[in-house]
Each structure stands twice: as C-alpha cells, then as structure tokens.
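Take a look at the structure set out below.
Just so it is clear, none of the values below were taken in a lab; they were calculated from the coordinates. Fair warning: this is a prediction, and the values are worked out from it, not measured in the lab. Neighbour counts run over all protein chains shown; Cβ positions are idealised from the backbone, glycine included.
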Amino acid sequence: MTRAPASFARVFSSPLYAVLDIEQLQGRSSSAALEGLLQGGVSVVQLRAKTLPGKEFLELARDARRQTRARDCLLIINDRVDIALAARADGVHLGQDDLPLQDARTLMRTKLIGISTHDVEQARAAESGGADYIGFGPIFGTKTKETGYAPRGLPLLREARHAVKIPLVAIGGITEANVVQVWQAGADAAAMISDVLGAQDVAGKVKRILVLGTGAGLR
C-alpha cells in the first residue's frame, strides 16, 4: 500500500491528537473551539460531526480546512471519505463499520487513513491492510462515544503497542490527569475530547498538556 510519508510524520510531531467533536463544544462555536486548539499549538485535528447532514458537515469541514491550513495544522475527517476529499483534508479516520480500508485507500490514495481498533487482532489487521496509524480504545470509560466495548485499560494498550509497528493513538476517557500514564504505556499520541473542549481556556489547556508531553520525554 502507498502511504504519505511527509504527512504521516507530522501527525505524530505532537503527543496530543486533538478531536473537535461538535457535540462537545460547551456552547462555543466550532470555529472558536478550533481557534483555541490551534492557539494552543496542536499539529493535527480530527473533525467529528456524527449527527450533521452531509451538506452541513462539508461546510464545517471547509471552514476547518481554512483555519487549519493557515496554522499549518493537519485536518483529519472522522468517518466520511467523501467529506475528506471534497474539503481537501489531509486524511480520514474510519471505524470498524465504516468504508473498508482497501476501498478507502483506493479513493484516498496517498492521504492519511487512520483506523479505530479495540483489540490486538483489529490492530494487526489495520496495520497489514495498509493503515497509516491506528486509534486504540477506549482506554478508560468515555461518555463522548458509544463504542460497544468495555474500557481496554493500560495493559491491553501495552499489548497492542507491542503488536504493531505503525503509530498508535490512544483514545477514550483520557484527561490531563491520566495522559502521562497513556504515553508511558506506549501510545504515540493521546486523543482527547471532552477534557480539552470542556476547558474554560482551551488554548491554555492544550499548552499544559504539551508541556506534560515534553516532561514525559515526548517531542
């Protein structure tokens, strides 16, 4: 499978993988929340809008593309290959029930593709299928998404880390209070949603997390 080496490396230039979920904006506009993430110094943002009709999602994605491009930040679209392509995003992140990886690669070509995985077998399958990175979780309990899986925990995260060579993003219930444990267990980056978007000062929250990453020996 063909990959995109330049973009691939940039996804993990930071230990924080920001997720802009429009259902977790705490009264902010999506553009204001994204501006906070960008001011904080994120290098990649995944846009998640599971309840929006396609037209509205595309408009949101195009606005996010303009904001992220101005800050040299990668934009990943959750679930929707069509939205990712139409908005000229840098990649797409797919779940186990979304478009199959092989078909997504045909459409996305060298753009980034991440795959959500919940056990070691799924992680290995994503790697062998040509994913650029995997999401693994939920690590802890989470209220932002119903995955149908019990919390995986740090031991299974370590097992998944040893099972694959491609980068791994841990997700699910990760907060400023426990993120160092997640990095220490082997995650290349931590996906954080409610703990970041729920902060009064999103930019300040991001900066603190990035400082924690530096202290933990990451980037």
Query - Gap separating the Cα centres of the range 27-83 and the range 87-121, nearest whole Å - result: 17
Requested in this report: Using label points projected 7 Å from each Cα along Cα→Cβ, tell me how many nm separate residue 23 and residue 70, to one decimal.
Outcome: 2.9
Query raised in the report: Roughly how many debye, to the nearest 20, is the charge dipole of the range 5-212 about its Cα centre, given +1 on each Lys and Arg Cβ, -1 on each Asp and Glu Cβ, and no other charges?
Result: 480
**Report entry** Residue-averaged 222 nm ellipticity for the chain, from DSSP H runs of 4+ at -39500 (n - 2.57), nearest 500
**Finding:** -12500 deg cm²/dmol
Query raised in the report: Taking a 26 Å limit on the Cα-Cα distance, which of the listed pairs 165/205; 50/165; 50/111 fall beyond it?
Result: 165/205; 50/165
Query - Furthest towards positive pole of dipole, 15, 175, 41, structure part the chain, Cβ charges - result: 41
**Report entry** Relative contact order computed over the range 5-212 (Cα-Cα under 8 Å; 6+ residues apart), in percent
**Finding:** 22
